[in-house]
Structures are given as C-alpha cells and as structure tokens.
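Undergrad: Sending over a structure as structure tokens; questions will come in a sec.
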Amino acid sequence: MQCHGEAMEEMNRQGDREARFMGRITAGMTHEIRNVLAVMRESAGLMEDIMSLPEATSFPHRERFSRALAVIQQQVERAVELVGRLNRFAHSMDELRATVDLGELLEQISALLARQARNRRVQLKVEVQAEGIRVSTDPFALSMLVCCCIERCLEGLGQEAVLELTALKEAAGALLKIGPSPFKAQADQKMGLPPELSCFSDLADSLGLEIRYQEGECGKGLWLCLGIP
C-alpha cells in the first residue's frame, strides 16, 4: 500500500510538472501572438489614416476598403481579447496554490467555454454575489474541475437553456453553484460528485471541496454546489 501511495504521489508530481511546462510554453506563445496582432493593428490603423486623407477620395473602391479595414480592426481586437484569456489561463498553471478571485475565474471559464455553449445554443450566465470573493487554492485544478462540470451540464441541457454560474461568500469560505444541471437522478444524493464526474472525485478531494446539491426555486432543476474552504 505504501509503494502504491508513493507511486500515486509521484504521478501527481509528474502531472504538476507537465502542467507547469505546458503553461510556460503556452504563455510564451501568447506573448508572441500579441506582438503579431500589435503589428496588424498598427498597419490597419495606418491604412485607415491614409484612406481618410483628402487626396485619397478618388481612390477606387475607397468605401469598400474602409469597411474591410474596420472589420480587420474589429477582428484584431477580438483576437487580442481571446489571446489575453488564453494567457491568463496558461498562467494559472504557474503555482500550485494562489489567491483566486472567483468572479474573475467564472468570467474566464465562461469565455473559454463560450464556443461550446454557443454550439449547443446554451447561454452561460455569470453571477457574483459580491466583489472580491477570494479563496486560496490550486487555480488550474479548480478551473479544470469547474470546466468539466460545465461541459457535462452543456451535454445534458436542451437548446435555448441558460446555465448559471454563481459565486457566493460563505462563513467557512465560498460557494460555486452551477445549474440547473442535468443530474436529476442525483436529487436524493446530497453529497459527492455525480457518476458522470466521478473520475474527478480525487481532484475534488485534493482541493478540499464539499460537493452538495441544491434544489432550484419552485423545483426548477438541481444545482451542483462546490464549497471551497
């Protein structure tokens, strides 16, 4: 048993090293992409300035070029935001324990999963009870667990549904609520992850999370609640 426990600890340490390595590489690449986008933004801005000069009024297809440049600028700004999100996610792997703002965490996860939600025609709605709800935890591990919970909910919810991601302050820490979830069969199970997420039980335990369920108002759905110390 001792050898097995030591082997598991070594596997966990190896996984942590791999995650931090991936984080460093990804963060470095996002900085390079930002530099490319900065050049594109400046070049498009210069072209817009040239197109606005009085002597450029006779330029053929001037309006079409101006509209195209505006679209390029919009897409560059969108790319800058997306790369910024990816950069912050990569840096979540830097440390095994850090102070995490849960409101920012939910906004970050909502942005990272926006495409999946859009493809399933589900709206992700972030609600934060108050500003500055912070906990000390493993940022990457918590993000991964919350992402997996949301992904399972997206798979089970119907189109046009709204999935609420809520952060609340509690006396003993904080609470993340995800719902309404499709885990209706777990209504009589008051604690622990549902079977669909049981493979993450060890991760939840390592984070010290208290997993429980809460009925929605007027019996509308079941909320998965993650209590964070």
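The values are calculated or read from the model by the stated rules, or taken from the named source; none is laboratory data. What you are looking at is a predicted structure, and each value in this text was computed from that prediction instead of being measured. All Cβ positions, glycine included, derive from the backbone under ideal geometry; neighbour counts span all protein chains shown.
Undergrad: Give the number of residues within region 151-171 that are among the hydrophobic types (A, V, I, L, M, F, W, C), more than 16 Å from Q116 (Cβ to Cβ) and not in a loop (DSSP other than H, G, I, E, B).
TA: Residues flagged as among the hydrophobic types (A, V, I, L, M, F, W, C), more than 16 Å from Q116 (Cβ to Cβ) and not in a loop (DSSP other than H, G, I, E, B) within region 151-171 amount to 2.
Undergrad: Has region 204-226 got any residue that is among the small types (G, A, S), surrounded by 18 or more Cβ atoms within 10 Å (Cβ to Cβ), modelled with pLDDT under 85 and assigned by TED's automatic domain parsing to the domain that holds G132?
TA: There is at least one residue in region 204-226 that is among the small types (G, A, S), surrounded by 18 or more Cβ atoms within 10 Å (Cβ to Cβ), modelled with pLDDT under 85 and assigned by TED's automatic domain parsing to the domain that holds G132.
Undergrad: Considering only residues that are at pLDDT 85 or above and in contact with a helix residue (DSSP H, G or I) (Cβ under 9 Å, 6 or more places away or on another chain), which ones fall in region 176-201?
TA: The answer is L176, I178, G179.
Undergrad: Moving to a separate point now. Which pairs turn up if I take residues in region 35-59 that are basic (K, R) and look for partners that are surrounded by 12 or more Cβ atoms within 10 Å (Cβ to Cβ) with beta carbon separation below 6 Å, at least 6 apart in sequence or on another chain?
TA: R41/V76
Undergrad: Can you tell me which condition L96 does not meet? The list is (1) part of a helix (DSSP H, G or I); (2) surrounded by fewer than 18 Cβ atoms within 10 Å (Cβ to Cβ), and all the others hold.
TA: In the conditions (1) part of a helix (DSSP H, G or I); (2) surrounded by fewer than 18 Cβ atoms within 10 Å (Cβ to Cβ), L96 misses (1) alone.
Undergrad: Looking only at region 143-166, decide whether some residue is surrounded by fewer than 16 Cβ atoms within 10 Å (Cβ to Cβ), within 23 Å of L193 (Cα to Cα) and among the aliphatic types (A, V, I, L, M).
TA: Yes, the conditions are met somewhere in region 143-166.
Undergrad: Condition check: modelled with pLDDT under 90 and within 21 Å of the chain's Cα centre (by Cα). Does T26 satisfy that?
TA: yes
Undergrad: Taking C148 as the residue in question, decide whether it is assigned to a helix (DSSP H, G or I) and within 28 Å of R17 (Cβ to Cβ).
TA: yes
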